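**Student:** Below is one structure. I have some questions about it.
Here, each number is a calculation from the coordinates, and none is a lab measurement. This structure is a prediction, so every number in the text was calculated from the model and none was measured. Here Cβ is always computed from backbone atoms with ideal geometry, including for glycine, and neighbour counts include all displayed protein chains.
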Amino acid sequence: MPATASAETTTPTPTPTTSAGIPDQNPIVQGANITVTLKDLKGGEGEPEPVPGVSLTVLKDSDTGEEQGTQTTDKTGRVSIGIPGNGTYVVKLDPKTLPEGVELSGQGETTKTVQVKLASSNFVQFQIGALTVEKASKVSEIIDGTRSGVIKGLLIALAALGLSLIFGTTGLTNFAHGELITLGAITTYIFNQGIGLPVILAGVCAVIVCAIFGYLQDRGLWRPLRRRGTGLIAMMIVSIGLAVFMRSIFQYGFGGSTRTLSEYVVQGRQSYGPIDLSHKEIAILLVTIVTIAVTCIALMRTRLGKAMRAVSDNPALSASSGMRVDGVISAVWVLGTALTGLAGVLLAVQEQVKFQMGFDLLLLVFAGVTLGGLGTIWGALVGSLIIGLMVELGPVFGVPASIKEVGALVVLILILLVRPQGILGKAERIG
């Protein structure tokens, strides 16, 4: 990422300190100011590093070119220079003060002009260690699209696995499932940025919160509706109302802006043969694969897993055999919501956090489950991977990026016209 300079307005604050509690060498000036942060991309290899000790000067862009101030970047690569108000300013970087081994890239420009409008952010870029962008080959685009498609497909598969478990045991088509993804992401953000926990620990806490929410959701809403004999269509409509309610709560409490976690935001990719992967992408792949494998093994081998499959096949027979069907369904809600919350956690690490991120992914989750076969665990996995690959490879073959989800949905429709039960689903007689 190139170094950036931003013009912003700040409110009066106590003496600024760094994250370690040490007084800041270059505190942000109260009132209007231009704040510059310099980071070296190192050619895209490894984490960007702050560039300290670089001298920057802000001039008023007028006939006189009046100097507003000169400062040197601190150990975080930041300076903040006060300005009198709106207007056009010039930011000058002294290349002689760059540390040894750090060079400007691009055209090597040391002077940038920025139009400052108070109460809004304005950015100017100094390229340091940035890579020269070249036209990628078709093979490279396919490899990159496949990488992104597999990652997206596995994230969809986690959420689809939870949706498939709930549908298989209760028959409920839960339209609030997307909000469970958002719950995992926003809870991670709260634990991380609000409480100050590391991202990994915040993600673990978020999954636990989601599991508890799944249990309370079943006990407080779905179990009473089941005991009253509420039909599945009526329950589906209830889930739509719950989705709208939760999404409104998220928008009100979290806000409409997009936010990021404190760690793993910008990472350079390293080459592993023909594939380039960042460390967080490798972690996401490992976590999703291990989680899906452990869940599938548990469903096939453990007593609770066998009970879940029995309830899914025939709830009435399971109840007559002495099985506590309500308890099994509650366990399904806990497991399904935890898996979906984990998908939200990983999605927050991979991308950013916003209040409708789960709603944006919901259609693809439904597509993955339906394509693979409703109620089948392996079908949800296979269908989700196909949907993820179709979405990410679509732009490579001419599908506009703004509507890349459409290609996957068209494939879904075509396959269901040929095989309505899905790829791994079983045909059932109706009537």
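**Student:** Check which residues have an amide H placed less than 5 Å from S278's amide H, if you skip close sequence neighbours.
**Tutor:** Q270
**Student:** Which cross-chain or sequence-distant (5 or more) residues have an amide H under 5 Å from the amide H of D40, H modelled 1.01 Å from N in plane?
**Tutor:** E49, V51
**Student:** Just check region 324-431 against the gyration tensor rule for me: Cα atoms, a ≥ b ≥ c as the square roots of the eigenvalues, rounded for a/c under 1.5, and otherwise prolate or oblate depending on whether a/b exceeds b/c. Don't skip to the answer; put the middle values down first.
**Tutor:** Numbers: a/c = 2.64, a/b = 1.13, b/c = 2.34.
Oblate.
**Student:** I've got another one for you. Using only the Cα atoms, work out Rg/Rh for region 271-388, with Rh taken as the Kirkwood radius, to two decimals.
**Tutor:** With Rg and the Kirkwood Rh in hand, the quotient comes to 1.04.
**Student:** Using the Kirkwood formula over every pair of different C-alpha atoms, what hydrodynamic radius in Å results for region 169-319?
**Tutor:** 18.5 Å
**Student:** In terms of the Cα gyration tensor, with a ≥ b ≥ c the square roots of its eigenvalues, is region 49-90 rounded because a/c is under 1.5, prolate because a/b exceeds b/c, or oblate?
**Tutor:** On the way: a/c = 3.13, a/b = 2.44, b/c = 1.28.
Judged from the Cα gyration tensor, region 49-90 comes out prolate (a/c at least 1.5, a/b above b/c).
**Student:** Oh, and also: Would you mind checking region 352-381 for residues with the amide N under 15 Å from a putative spin-label position 7 Å along Cα→C-beta of T258?
**Tutor:** Under 15 Å, as judged by backbone N against the label point of T258, lie 352-361 of region 352-381.
**Student:** Here is a follow-up. Can you give the translational diffusion coefficient of region 186-228 in µm²/s, computed by Stokes-Einstein from the Kirkwood radius over Cα pairs at 25 °C and 0.890 mPa s?
**Tutor:** Roughly 216 µm²/s, to the nearest whole number.
**Student:** Taking a ≥ b ≥ c as the square roots of the Cα gyration tensor eigenvalues, with a/c under 1.5 meaning rounded and otherwise prolate when a/b beats b/c, else oblate, which class fits region 234-329?
**Tutor:** Cα axes put region 234-329 in the oblate bin.
**Student:** Here is a further query. Which whole-Hz couplings ³J(HN,Hα) result when phi for each residue of region 168-179 is put into the Karplus expression 6.51 cos²θ - 1.76 cosθ + 1.60, θ = phi - 60°, listed in order with x for Gly and Pro?
**Tutor:** In residue order, the calculated couplings are x, 8, 10, x, 7, 8, 8, 7, 8, 5, x, 5 Hz.
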